[in-house]
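Presented below is the structure to which this report refers.
Rule-based calculations on the coordinates, nothing more; no lab input. What you see is a predicted model, and the numbers here were worked out from it, not measured in a lab. As a convention, Cβ positions derive from the backbone with ideal geometry for all residues, glycine included, and neighbour counts pool all protein chains shown.
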Amino acid sequence: MRTRTLHVAAAFVAGLLTVPLAACGSDERTGGSDGFTVGLLLPNRVTPRWEQADKPLIEKHVERQCPECRVEYANADADAARQRDQVTSMITKGVKVLVLDPADSKALRSSIQEARRAGVPVVAYDRLAEGPVSGFVSFDGARVGRLQGEALLTAMKARGAGRTVVMMNGDPSSANAGWFRSGALSVLAGEVTVARSYDTAGWSPESAHANMSAAISALGADRISGVLAANDAIAAGVVSAFRKAGVDKPPPITGQDADLEAVRRIVAGEQYMTVYKPFEKEAEAAAAMALALGRGESAEDVATTAIDSATRRDIPAILLTPTEVTARDVEGTLVRDGVYTVGQICLPELRAACDRLGLTR
């Protein structure tokens, strides 16, 4: 992916989004009753954030920004064919705009073309899809990968236990997987030896567990200095593979999405870091772009940059800035921002670890 004007500050985007939103639902722009339906299609239930964060947050921001509008929701359960059917169904039901996180970035191209023919604009959400999408809202994937790579190098240097890395990449059907991987390699190249590299079907912990177990068997657990896990679901599978191999203290393991279980693993010392992406801001930006398109306006009215996909250049985009979170950062990021409370993170078995980190109720 090629982008321009990257690393947009979240505060700047949040301020920008307030400008065009007041008109939605107003007498001047919509007559007070011209609400419409926004179709929301998310890719799977394996990654906790989709059902627990993105869906309710997008619904909240659509309602807040356009009280007369509603959201029609569907989850693909990691099945691209099912998601194609869901797109067709939503078009048939008369949605005005689609917010689509593709289960397969390439396979949904025909569905996006179908939506285009029907006059239904598509906002690619979190993952860029091929085809004539009208806009894109996500976090800077290259930055995500760089944060993971930099954190892994820092942790490996601190442990002083070699430079042999296993890369546990995302699902190759997602455009984000390559984006994250290239960002990480921009940091790791020349600094480490990548002894094994695996793609993770469906971003599933089970697939990650199998791949990591194979790496441990082939290399030996004591010869693995670090694991670049593309997200927290993959990190869960990696941690379970080390547990099964009888490793009490695994090497540094990265992650992404700040899943609650991952944060608990970080506090416990089983996972080194995650990447925090404030989903509230992403959902707010997606709602703003979708509502602008649903009103017949241009995505450029709320976009802050542009990005190229494999099939289209200069897609209006909002790319937010992610943040690294290690054990010492949990309170100053996730707790401070209200993502989780100390009580949610610090289960009884983690109380001593939380006390050491200063995580107090």
Using the Cα gyration tensor of the stretch 211-361, the equivalent ellipsoid's semi-axes, largest first and to the nearest Å, work out to 36, 22, 10
With Cα atoms, 0 to 90° folded angle of helix 232-244 axis to the chain main axis:
20 degrees
First select every other residue whose beta carbon is under 9 angstrom from the beta carbon of VAL187; then total the charges, Lys and Arg +1, Asp and Glu -1.
-1
Computed on Cα atoms only, the convex hull of the stretch 30-156 has an orientation-averaged projected area in nm² of 9.0 nm²
Would you please give the residues with an amide H less than 5 Å from that of VAL302, counting only those at least 5 places away or on a separate chain, with H modeled from the backbone geometry?
none
Kirkwood hydrodynamic radius (C-alpha pairs) into Stokes-Einstein, the stretch 260-330, 10 °C and 1.306 mPa s, D in µm²/s:
110 µm²/s
Taking the alpha-carbon distance from LYS106 and a cut-off under 29 Å, which lysines remain once sequence neighbours fewer than 8 residues away in the same chain are dropped?
LYS55, LYS93, LYS96, LYS277, LYS281
Where does the Debye-calculated log10 I(q)/I(0) of the stretch 109-161 sit at q = 0.15, 0.18 Å⁻¹, using only Cα point scatterers of equal weight, no solvent?
-0.56, -0.65
Report, to two decimal places, the Cα Rg of the stretch 134-196 normalised by 2.2 N^0.38 Å (N = number of residues).
1.22
Against the longest principal axis of the chain, how steep is helix 141-159, in degrees 0 to 90 to the nearest 10, with axes from Cα atoms?
10 degrees
Based on the Cβ-Cβ distance of GLU300 and GLU349, what FRET efficiency does E = 1/(1 + (r/R0)^6) give at R0 = 45 Å, to the nearest 0.05?
0.35
Report the residue, chosen from ARG351, ARG117, ARG328, that carries the largest GNM mean-square fluctuation when the chain is represented by alpha-carbon nodes joined by springs under 10 Å.
ARG117
Please give the net charge around SER207, taking every other residue with its beta carbon less than 10 angstrom from that of SER207, where Lys and Arg add +1 and Asp and Glu add -1.
-3
What helix-only [θ] at 222 nm does the chain give? Using -39500 (n - 2.57) per DSSP H run of at least 4, over all residues, to the nearest 500, the answer is -12500 deg cm²/dmol
Which order, highest average first, do 44-55, 197-208 follow once you tally other Cβ atoms within 10 Å for each residue and take the mean per peptide?
197-208, 44-55
The stretch 175-196-the stretch 199-269 distance, computed between alpha-carbon centres (Å):
16 Å
In whole angstrom, largest first, the equivalent ellipsoid semi-axes that the Cα gyration tensor gives for the chain are 37, 22, 18
Reported to two decimal places, what Rg/Rh ratio describes the stretch 154-260 when computed on Cα atoms with Rh from the Kirkwood expression?
0.93
